[in-house]
1. If you check every pair at least six apart or on different chains, which have Cβ atoms under 6 Å apart with a residue in segment 53-77 that is within 14 Å of HIS43 (Cβ to Cβ) first and a residue that is of a type in the set (Gly, Ala, Ser) and not in a loop (DSSP other than H, G, I, E, B) second?
2. Any chance you could count how many residues in segment 26-55 are open to solvent by 30 Å² or more (accessible area, probe 1.4 Å), of a type in the set (A, V, I, L, M, F, W, C) and over 12 Å from the mean Cα position of the chain (by Cα)?
3. In this structure, is ALA32 under 16 Å from ASN6 (Cα atoms) and at pLDDT below 90?
4. Can you give me the number of residues within segment 11-70 that are assigned to a helix (DSSP H, G or I) and of a type in the set (Ser, Thr, Tyr)?
5. Might you let me know whether segment 56-69 holds any residue that is within 14 Å of the chain's Cα centre (by Cα), open to solvent by 40 Å² or more (accessible area, probe 1.4 Å) and modelled with pLDDT under 90?
Amino acid sequence: MLDHSNAYENYLQLLIQWYKYTASDDPYQHLANYLSDEKIKSHYLLMTLPESMANVIDNLQSKPDLKYLDIRTQLLELASSSLVETPKKNKALSATS
């Protein structure tokens, strides 16, 4: 989860930096401003999570005024406490007689 969160944040910051200093009427300038918003950053982070975390996503989205850092912290805490199940490998179990 830490790798996912860091990659998301790095790509988002890179995108914002690319478009931050374009002309004020440039749509990319509006995109940079849009992606800098705390609520937008939070919702996009939740959208990047796997389907297996749908319950966690619903719970986080239902909380009012939840900041990006709050969401990130809660996701990291969940991952470290292993409450979030990781997808299992597609391996068959061997049978014993």
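1. TYR68/SER42; ILE71/SER42; ARG72/SER5
2. Qualifying residue count for the region: 2.
3. Taking the combined requirement at face value, the residue does not satisfy it.
4. Of the residues in that region, 9 qualify.
5. Yes, because at least one residue in segment 56-69 is within 14 Å of the chain's Cα centre (by Cα), open to solvent by 40 Å² or more (accessible area, probe 1.4 Å) and modelled with pLDDT under 90.
The values are calculated or read from the model by the stated rules, or taken from the named source; none is laboratory data. Quick caveat, the model's predicted, so the values are computed rather than measured. All Cβ positions, even for glycine, are placed from backbone atoms using ideal geometry, and neighbour counts span all protein chains on display. Side chains are part of the model used for accessible areas, which takes the heavy atoms of the whole protein and leaves out ligands, DNA and RNA. Shrake-Rupley method; radii C 1.70, N 1.55, O 1.52, S 1.80 Å.
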